[in-house]
Amino acid sequence: MEILSLKILRMQSLGPDHYWMELENRFKKAFSPGQFLTLRPSPHIFLRRPFSVASASKTSLGILFRKVGAATTILTEKNPGQEISALGPLGRGFPIDPEIKQSWLVAGGTGVAPLLFLLERLMKIQKVSFFYGAGCQPLLFRDLFPQGKYRLFLATDDGSCGIAGPVTALVEKQLQSGEKPEVIYSSGPLPMLQAMNTLGLKYKIPVYVSLEIRMACGLGLCLGCVIPLHQGSSIILKRVCHDGPIFLAREVLWKEITTFTRISNGL
Amino acid sequence: MAYSRIKKAARDKLTSLEVKIGPLRLSTPVVMASGTFGYGLEMKNLINYRPIGAIVTKTISRYSWPGNPQPRLWETPSGLINSIGLQNVGLDVFLRQKLPRLRRLGPKIIVSIAGFTSEEVCCLARELLAHRVEALEMNISCPNLKSKNKVVATSPRLTYNLVSQVRKAFPGRCLLVKLSPNVTDTPSVAKAAEDAGADGLTLINTVKALAVDLHNQQVISGGLSGPAIKPVGLRTVYEVYRKVNLPLIGLGGITCGKDALEYISVGASAVGIGSGFFSNPLLPQEVVNALLGQLKKTGLPSITYLIGRLNEKKRPS
Ligand SMILES: Cc1cc2nc3c(=O)[nH]c(=O)nc-3n(C[C@H](O)[C@H](O)[C@H](O)COP(=O)(O)OP(=O)(O)OC[C@H]3O[C@@H](n4cnc5c(N)ncnc54)[C@H](O)[C@@H]3O)c2cc1C
Ligand SMILES: Cc1cc2nc3c(=O)[nH]c(=O)nc-3n(C[C@H](O)[C@H](O)[C@H](O)COP(=O)(O)O)c2cc1C
Ligand code: FES
């Protein structure tokens with residue numbers, strides 16, 4: 001974990017309210033897929049903001065972000081050459097079991113960010129299928145996908161690209177056809193993650209989800225991001241920033257975190 | 001006044017940034033506030049602990065507490081509302097898993113304690129004394145079950161009663177009391193804590209606040225911290241310094257070295273870093289640099305000379 005002032009290498013508008021930002025990577029420790037960093041876009045905004053790492057090389061880090069409020073609006077106004085305070089690597093990434101041969105990645109909207117990084121890793125060692133859904137065609141950022149061997153399934157709410165409907169319906173159709181991965185990794189809006197949990201339980205597939213919640217420190221200090229989890233017969237409290245943001249979907253008490261369901265729906 | 005303080009600094013042989021809070025001698029006046037620095041251990045891989053004079057732990061209770069459900073956080077202009085609800089691991093886990101490691105870090109350790117009854121708080125104090133803890137900070141912004149759930153910090157009488165009992169349970173070592181700004185007259189509560197035998201006061205805790213989330217049709221009720229409350233903290237330190245003779249740890253909204261100097265100039269002997277650490281983990285070092293810079297600029301040998309410089313009205317002896 002380090003706090004650095006990093007140069008912005010690239011800033012690109014991807015489509016409505018979505019941006020791709022590349023930062024120089026001077027972190028000593030490498031990021032693993034699912035980990036995040038916090039940025040401080042301006043001294044006038046009090047708290048740092050968490051963002052998943054969407055790509056990482058020895059020299060650069062890619063971030064895919066959506067403009068939703070004050071901090072992300074300031075981010076859109078940044079230019080290459082400017083510096084920004086970055087803190088990371090934070091959290092624990094997606095667990096990768098070397099024994100596993102086949103996995104599915106299921107992304108909704110901006111939630112695609114950490115899964116792009118995971119795809120980069122997994123496609124070299126496993127058979128990977130990537131299910132990607134968004135509101136409409138301009139919000140499906142296909143240019144961000146790496147070259148390589150994997151299958152890509154697309155869905156849009158309005159049917160402007162891929163099948164019409166939620167990405168979870170696409171996943172279920174594939175499951176009904178008899179195909180079954182050993183593990184599913186998912187990231188996106190909360191209702192989608194909940195639907196993935198239901199599918200995972202129904203088809204007996206472990207599902208790992210990346211959770212988003214409001215954070216103050218991102219460092220495990222303030223206990224602001226704590227959620228309850230099932231563990232065996234008991235309920236334990238975990239910090240999303242420190243113990244997550246990746247959790248086994250069946251351990252999450254989905255009902256208890258509905259307040260932040262509403263927060264995420266507000267996006 | 002200034003002269004007597006110079007004599008006192010000379011008598012205590014305090015050099016440069018050293019300060020004394022009752023019997024506790026700190027290498028710098030920088031104190032990491034309760035609840036915003038975890039149990040003190042978490043940042044070992046990120047920052048240098050040398051600029052830190054003391055760490056106040058997350059408030060612990062006799063038995064573990066689960067705290068409040070989500071949402072626990074809400075950002076406001078220049079501030080943060082939290083409703084963590086004192087989630088903590090409880091005394092036993094603290095003693096076994098946290099305290100031994102905390103002691104190896106370097107800074108002085110101040111254990112923050114709270115309970116719903118005076119028996120509970122005294123029990124914590126006795127156990128911590130038995131484990132040779134050097135300093136306690138009583139978080140009295142907690143309702144008291146036997147006094148119709150009245151928050152202790154809002155009543156000089158309840159404060160006096162609780163602090164004098166804990167004083168007996170924790171003799172000879174540093175006992176701090178953390179004051180709340182959610183009171184009509186904080187100095188009278190401060191005086192009650194002094195009369196009951198406290199060695200120092202920490203002020204301020206968070207300011208009662210509410211956020212309205214129209215989009216999700218919910219309200220978030222909690223305590224406000226951050227730059228928004230700095231003027232409240234400064235005013236409270238300013239007033240309390242005039243009323244009591246105890247060393248003060250001033251905090252509320254400190255986000256730079258200048259903020260720390262402001263608190264010291266109105267009477268704080270040490271300064272607390274709370275939520276300012278979230279946005280800038282380099283803040284302890286920055287505050288120390290600013291204080292050293294000020295000593296160099298003024299040619300003074302010790303930071304203690306700056307305490308209360310802009311609040312020189314005669315203090316009661
Ligand atoms: C681990 C993690 C990874 C994230 N990765 C990404 C990413 O890769 N790309 C991306 O665009 N965003 C990501 N986010 C969300 C991002 O942090 C928020 O969108 C951002 O903080 C909003 O800041 P703002 O000032 O622009 O908006 P604000 O004015 O703070 O809020 C605007 C809206 O965003 C919601 N919001 C604020 N903070 C969060 C949060 N932490 N989580 C969820 N919703 C929030 C609010 O409820 C509100 O509806 C991630 C969040 C977490 C916790
Ligand atoms: C997330 C959070 C948790 C806190 N927990 C505690 C606590 O357990 N005990 C306590 O005495 N104060 C607690 N506080 C109050 C701080 O110690 C401090 O008094 C307050 O935040 C004002 O300082 P600041 O503006 O620098 O943050 C907490 C504050 C925050 C923001
Ligand atoms: S955001 Fe502070 S503990 Fe997770």
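Remarks
- Long-range amide H partners of B:Ile140 with built H, under 5 Å: B:Lys178
- Links that overshoot a 20 Å alpha carbon limit, given the list B:Lys20/B:Lys178; B:Lys191/B:Lys258; A:Lys29/A:Lys58; B:Lys230/B:Lys258: B:Lys191/B:Lys258
- Carbon-plus-sulfur accessible fraction, the range B:219-317 (probe radius 1.4 Å, protein heavy atoms only): 58%.
- Total charge dipole magnitude, the range B:253-317, about the Cα centre, Cβ charges on Lys, Arg, Asp, Glu only, Debye to nearest 20: 300
- Cα extents of the range B:230-317 along the three principal axes, largest first (Å): 39, 30, 17
- Within the range B:243-290, all pairs of alpha-carbon atoms sorted by distance into 10 Å bins from zero give the percentages 29, 54, 14, 2.
- Karplus-derived HN-Hα couplings along the range A:15-28 (A = 6.51, B = -1.76, C = 1.60, θ = phi - 60°), whole Hz, x at Gly and Pro: x, x, 6, 10, 9, 10, 10, 10, 10, 5, 9, 10, 5, 5
- Pairs of alpha carbons in the range A:1-143 separated by more than 22 Å make up 39% of all such pairs.
- Peptide B:275-288, shielding by other chains (average Cβ, 10 Å cutoff): 4
- In sequence order, calculated HN-Hα J values of the range B:155-169 (Karplus, 6.51, -1.76, 1.60; Hz; x Gly/Pro): 10, x, 5, 4, 5, 4, 4, 5, 5, 5, 5, 5, 4, 5, 6
- Extension gain, B:Asn245 back to B:Lys296 (0.36 nm per residue minus Cα-Cα distance, nm): 15.6 nm
- Our analysis of the protein assembly as shown gives Rg over Rh at 1.02, with the two radii drawn from alpha carbon positions and Rh computed by the Kirkwood formula.
- Alpha carbon centroid spacing (whole Å) that separates the range A:167-195 from the range B:63-115: 38
- Residues losing 50 Å² or more accessible surface upon assembly, the range A:1-47, compared with the chain by itself, 1.4 Å: A:Met1, A:Ile3, A:Phe46, A:Leu47
- Sites A:Asp17 and A:Thr59 - FRET efficiency at Förster radius 22 Å, r taken between beta-carbons, to 0.05: 0.20
- 5 Å-binned pair-distance histogram of the range A:129-197 (Cα, whole percent): 4, 15, 26, 27, 20, 8, 0
- For A:Arg92, the residues whose amide H sits under 5 Å from its own are A:Gly244, A:Ile246, ignoring neighbours fewer than 5 places away on the same chain, with H placed 1.01 Å from N.
- Normalising the Debye intensity of the range B:172-224 to I(0), with uniform scatterers on Cα atoms only, and taking log10 at q = 0.17, 0.21, 0.25 Å⁻¹ returns -0.62, -0.76, -0.92.
- With 10 Å bins beginning at zero, the pair-distance distribution over Cα atoms of chain B amounts to 6, 28, 38, 22, 5, 0, 0 %.
- Accessible surface buried once B binds A (1.4 Å probe; total of both sides; Å²): 2800
- Across the range B:173-299, Cα-Cα pairs more than 20 Å apart make up 48 percent of the total.
- Summarising the strand pairing of the protein assembly as shown, around 55 percent of its internal DSSP beta bridges are antiparallel.
- Partner chain coverage, peptide A:209-221 - average Cβ within 10 angstrom: 5
- Taking chain A and dividing mean pair separation by its residue count, relative contact order in percent (alpha carbons under 8 Å, at least six apart): 17
- P(r) weight above 18 Å for the range A:93-175, C-alpha pairs, percent: 40
- Extension gain for A:Leu237-A:Thr198 works out to 11.8 nm (0.36 nm per residue, less the C-alpha to C-alpha distance).
- Peptide B:213-225 is shielded by partner chain Cβ atoms: per residue, an average of 2 of them sit within 10 Å of its Cβ.
- Summarising the amide proton neighbourhood of B:Arg309: residues at separation of 5 or more, or on other chains, whose placed amide H is nearer than 5 Å comprise B:Gly267.
- Rounded to the nearest 500, the helix-only mean residue ellipticity at 222 nm of chain A stands at -5500 deg cm²/dmol, with each DSSP H run of n ≥ 4 adding -39,500 (n - 2.57).
- Over chain B, dividing the summed -39,500 (n - 2.57) contributions of all DSSP H runs of at least 4 residues by the number of residues returns a 222 nm mean residue ellipticity of -9000 deg cm²/dmol.
- Its residue count N sets the reference 2.2 N^0.38 Å, and the alpha-carbon radius of gyration of chain A equals 0.96 times that reference.
- Pairs of Lys residues in the range A:65-167, spaced 8 or more positions apart or belonging to different chains, with C-alpha separations under 23 angstrom: 6 in total.
- Whole-Hz Karplus values for the range B:268-280 come out as 7, 7, 9, 10, x, 10, x, 5, x, 5, 4, 7, 9 Hz, taken residue by residue from phi with 6.51 cos²θ - 1.76 cosθ + 1.60 and θ = phi - 60°; glycine and proline positions read x.
- For the protein assembly as shown, size of Cβ-based charge dipole, Lys and Arg +1, Asp and Glu -1, in debye: 1800
- Projected label points at B:Lys168 and A:Thr73, each 7 Å from Cα along the beta carbon direction, are separated by 5.9 nanometres.
- Sites A:Ser42 and B:Ser16 - FRET efficiency at Förster radius 41 Å, r taken between beta-carbons, to 0.05: 0.75
The values are calculated or read from the model by the stated rules, or taken from the named source; none is laboratory data. The model shown is predicted, which means the values in this text are computed figures rather than measured ones. Glycine also receives a Cβ, built like all others from the backbone with ideal geometry; neighbour counts cover every protein chain displayed. Side chains included, ligands, DNA and RNA excluded: accessible areas come from the protein's heavy atoms. Shrake-Rupley method; radii C 1.70, N 1.55, O 1.52, S 1.80 Å.
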